Amino acid sequence: MSRSDNIRAAKQKIAENRATAIRIYERHTAEISALFPEFKRIDDQLAQTGLKIMAAALASPSDEAERNIEAVHAEYDALADRKRQILTDNGYPADYCDIKYFCPKCSDTGYVDIRICECLKKELVLASLEASGLYSLVETQSFQTFSLDYYEKDDKINMKRNAVRLWEFANNFVPGKSESFLFIGATGLGKTHLSSAVARVIIEKGAYVVYESSISMIADYEAKRFGGSSYNNEWDDNVDRYTECDLLIIDDLGCEVVNNFTLSCLYNIINSRIIMHKSTIINTNLSDKELRSRYTDRIFSRILGEFTTLHFRGHDIREQKLIKK
Ligand SMILES: [Zn+2]
């Protein structure tokens with residue numbers, strides 16, 4: 001999913017809301033019209049209001065036109081009142097046949113005048129979250145839910161420093177102008193939690209974030225490279241997002257198989273992002289030493305030279321939680 005796919009998905013959601021609201025309105029109106037012929041007659045009369053106003057406006061002099069228009073409005077109000085009366089007399093809510101938009105501010109169009117409505121902004125965030133690969137994580141793993149209780153002494157001081165640093169990074173994030181990070185530490189020390197927290201803040205600022213494990217990322221490039229006759233354009237979109245996004249989070253670097261193909265993939269992604277000044281966060285369970293022996297100097301020096309390394313230290317949080325239970 002590219003950024004334009006996210007925008008399309010969000011607009012689609014708003015259009016579906018509008019269609020649903022209109023469908024319900026039409027169903028209710030048909031139901032009531034069938035039961036009460038007077039309601040139907042009034043509805044038909046009301047449908048003529050626009051034409052009547054136009055005709056009234058053509059009269060001259062202008063004060064007569066004004067009086068005519070006022071009369072049409074008064075007639076409209078009386079008819080609308082009568083419609084409501086029919087509904088309430090028969091035990092229906094007065095607004096049973098009104099269109100009830102999900103967002104009354106924009107009538108489910110996504111725009112108020114020419115400005116994007118809050119409801120479309122919200123859908124954009126949701127669509128971006130879903131596309132980022134983080135949908136299930138961000139609900140529970142935010143800066144608000146990050147706890148230092150699981151860290152002790154120096155580890156606690158270190159983690160507090162990491163969290164503050166990343167909070168500042170996320171809140172001051174500017175696409176193409178922010179730094180990159182390498183998170184080093186064993187499993188269960190909060191790397192994924194803080195990555196997800198960062199992603200949420202940045203997505204809410206409207207930036208394009210992609211989160212993927214190194215294994216899945218390499219698999220996407222393999223599908224494109226070795227897909228053979230079943231090759232299709234979707235694979236281009238699928239790998240292009242790794243270089244196009246404003247923030248790429250590569251989870252679990254070190255779990256992928258190392259060969260010439262994977263190494264050149266990794267180098268190309270990291271290198272092209274550095275050249276375009278795009279931010280990347282890499283999570284790994286490997287130590288500095290293991291990273292150095294696993295990856296070529298070309299990749300390793302590129303990462304170390306351009307990325308800020310944050311160490312995650314302590315005791316596995318998942319284990320601690322299990323013991324407490
Ligand atoms: Zn709206």
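The values are calculated or read from the model by the stated rules, or taken from the named source; none is laboratory data. Quantities reported herein were computed from a predicted structural model and do not represent experimental measurements. All Cβ positions, glycine included, derive from the backbone under ideal geometry; neighbour counts span all protein chains shown.
Scanning region 62-108 for residues that are within 16 Å of the ligand (Cβ to nearest atom) and either touching a residue at least 40 places away in the same chain (Cβ under 8 Å) or in contact with a helix residue (DSSP H, G or I) (Cβ under 9 Å, 6 or more places away or on another chain) (or both) returns ILE99, LYS100, TYR101, PHE102, CYS103, LYS105, CYS106, SER107, ASP108. Per the listing VAL138, VAL125, the residue uniquely more than 30 Å from ALA30 (Cα to Cα) and within 16 Å of the ligand (Cβ to nearest atom) is VAL125. The number of residues in region 113-145 that are in a loop (DSSP other than H, G, I, E, B), touching a strand residue (DSSP E or B) at 6+ places or on another chain (Cβ under 8 Å) and not hydrophobic (A, V, I, L, M, F, W, C) comes to 1. A residue that is over 30 Å from VAL125 (Cβ atoms) and part of a helix (DSSP H, G or I) occurs nowhere in region 4-24.
The single condition from (1) under 29 Å from PHE226 (Cα atoms); (2) at pLDDT 90 or above that SER293 fails is (2). Beta carbons closer than 9 Å, at least 6 apart along the sequence or on distinct chains, never pair a first residue in region 111-134 that is assigned by TED's automatic domain parsing to the domain that holds ASP246 and aliphatic (A, V, I, L, M) with a second that is part of a loop (DSSP other than H, G, I, E, B) and within 12 Å of the ligand (Cβ to nearest atom). Give the residue, chosen from VAL164, VAL174, that is closer than 19 Å to CYS245 by Cβ and modelled with pLDDT of 90 or more. VAL174 is the lone residue from the list that is closer than 19 Å to CYS245 by Cβ and modelled with pLDDT of 90 or more.
Applying the condition of being of a type outside the set (S, T, N, Q) and touching a Phe, Trp or Tyr at 6+ places or on another chain (Cβ under 7 Å) to region 23-48 and asking which residue is modelled with the lowest pLDDT yields LEU46. The combined condition, being part of a helix (DSSP H, G or I) and either surrounded by 12 or more Cβ atoms within 10 Å (Cβ to Cβ) or within 16 Å of the ligand (Cβ to nearest atom) (or both), is not fulfilled by LEU51. Of all residues in region 214-240, those that are among the charged types (D, E, K, R) have Cβ atoms under 6 Å from Cβ atoms of residues that are modelled with pLDDT of 65 or more, 6 or more apart or on another chain, in ASP220/ASN238; ASP220/VAL239; LYS224/VAL239; ASP237/SER2.
Total residues in region 8-45 satisfying the condition of being more than 16 Å from the ligand (Cβ to nearest atom) and either under 15 Å from ILE99 (Cα atoms) or among the β-branched types (Val, Ile, Thr) (or both): the figure is 12.
Within region 281-323, the set of residues being free of Cβ contacts under 8 Å to residues at least 24 places away in the same chain, of a type outside the set (D, E, K, R) and surrounded by 13 or more Cβ atoms within 10 Å (Cβ to Cβ) comprises PHE300 only. When ASP113, ASP155 are checked against the criterion of being at pLDDT 80 or above and within 16 Å of the ligand (Cβ to nearest atom), a single residue qualifies: ASP113.
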